[in-house]
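These notes concern the structure reproduced below.
The values are calculated or read from the model by the stated rules, or taken from the named source; none is laboratory data. Keep in mind it's a predicted model, so treat the numbers as computed, not measured. Quick reminder, even Gly has a Cβ in these numbers, built from the backbone with ideal geometry, and neighbours come from all protein chains shown.
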Amino acid sequence: MYSMETLPLTPRRRAILSFIRERISLHGQPPSLAQISEAFGFASRSVARKHIQALAEAGYIEVQPHQARGIRLLDQAGKAGLVQVPLMGRVAAGAPIHPDVGVHDHLVLDVRLFSRVPDYLLEVQGDSMLEDGILDGDLVGVQRLPEARNGQIVVARLDGEVTIKRFEQGAGGVRLLPRNPAYAPIEVGKDRDLAIEGIFCGLVRR
């Protein structure tokens, strides 16, 4: 497992750091001291403030003074070539599966692992993309894009469920193609709800 942490943290402070990351990822802004206090059952904001100051002193965050939401994550990975990427649920390499919701973790990864910078990671379940080197349990990087070109590997949402396949569009419509002869192509009829969630841009194998 790749991790941002290079200095030891208490379990409580590790949980607070994860909470901050999740709020930024899901809501685009860090939590306030009041929200941290409420989430962790602290009696007052001053308790939350002490934990935040400790995280800042350890080099995980930066705190802007006199701002209600003045917390900024520091990429200790802020060295060139590293990027922090949220791990968001699973994707089916087989029959589509309902996605897990929410941020499960954050990994700090070398951007050279990817053909383009990923917005998030998904854990692969299944072996339908075997011949493209995508195996069960791999973490695939996905860049959010609503469209795809023929031949690209995409993460698609089909009737509310997600799958990873090669994209093909022709006169007969769209097909989602596996890369394992044990699986049949998915023919996407006009009555089905298809959305391209993003483009595959590399993977991490744990």
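Of the residues in the stretch 140-157, how many are buried (at least 18 other Cβ atoms within 10 Å of the Cβ) and more than 14 Å from Gly198 (Cβ to Cβ)?
Residues meeting the conditions: 0.
Among the residues that make up the stretch 23-31, is at least one of them modelled with pLDDT of 80 or more and assigned to a strand (DSSP E or B)?
no
Report the residue count in the stretch 166-190 for those that are of a type in the set (S, T, N, Q) and closer than 19 Å to Asp127 by Cα.
Number of matching residues: 1.
Given the conditions (1) acidic (Asp, Glu); (2) surrounded by 13 or more Cβ atoms within 10 Å (Cβ to Cβ); (3) at pLDDT 85 or above, which single one is not true for Asp105?
Result: Asp105 passes all but (3).
Give me the pairs: first residue in the stretch 160-177 and under 24 Å from Gly133 (Cβ atoms), second residue of a type in the set (Ser, Thr, Tyr), beta-carbon distance under 7 Å, and six or more apart or on different chains, which are they?
Leu176/Thr163
Pairs please, first residue from the stretch 94-120 and over 14 Å from Gln143 (Cβ atoms), second anywhere and modelled with pLDDT under 70 and among the hydroxyl-bearing types (Ser, Thr, Tyr), Cβ atoms under 6 Å, 6+ apart in sequence or on different chains.
Every condition considered, the pairs that remain are Val103/Ser25; Leu107/Tyr2; Val108/Tyr2.
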